[in-house]
Amino acid sequence: RCGNIVKNLLVFARHGGGSFDVVQLKTVVDRCVMLMNHHAQMNSIELSISCADDVVMECDSNQIQQALIALMSNAIEAMTDSSGQGTSNRLGLEVASPARSETVTLRVSDTGCGMSDVVKTHMFEPFFTTKSEGKGVGLGLAVVYGIVERHHGTIVVDSSEGNGTTFTLSFPIRQQIFAAQHDVLK
């Protein structure tokens, strides 16, 4: 467990490591669903997945998978009460890239308990958690944030108490787009 914590901290702290390749996102989404399907079923949560076969993005596929798994896991926990039974029942994962767009959008949404304004203020801070002791160390969203930054993307959160949560991650399709834009701004 300590090794995983240190590894996640290193992902959060550094921007190097890993490799960027052009990846078909359907493959990444399918792996995430395969890994999370049992957890969702055990909590009576329906998965709603939308990802076209032809959506591609230049990325570190392992890190994108790690980000999606963290968001999906948090969503399942937000929809599960203390007895372990789902209080709400829908987790959505949508991947979209409009025609002629230079961006890809990944959206993870749930019908769970939502977040207060105080929680939203601190949610990306390392070691901040709303989970009970032994359930989490507060690195999941910090790592997601680091992954999004490393891919020159953005993350937007829409949540209110009692109304679920939606995380929207937007990335450039090609990492060179960001580099070219960055050079123009200098």
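Laid out as a table, the results:
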| item | result |
| --- | --- |
| Residues with amide H under 5 Å from that of E58, placed H, sequence gap 5 or more | V23, R174, Q175 |
| Surrounding net charge for D110, when Lys and Arg each add one and Asp and Glu each subtract one, Cβ distance under 13 Å | -2 |
| Segment A52-S73, length gained on full extension (0.36 nm per residue, minus Cα span) | 5.3 nm |
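Read the figures in this text as sums done on the coordinates, not as results from a lab. In this text the structure is predicted, and so the values were computed from the model without any measurement. Neighbour counts are summed over all protein chains in view; Cβ atoms, including those assigned to glycine, are modelled from backbone coordinates with ideal geometry.
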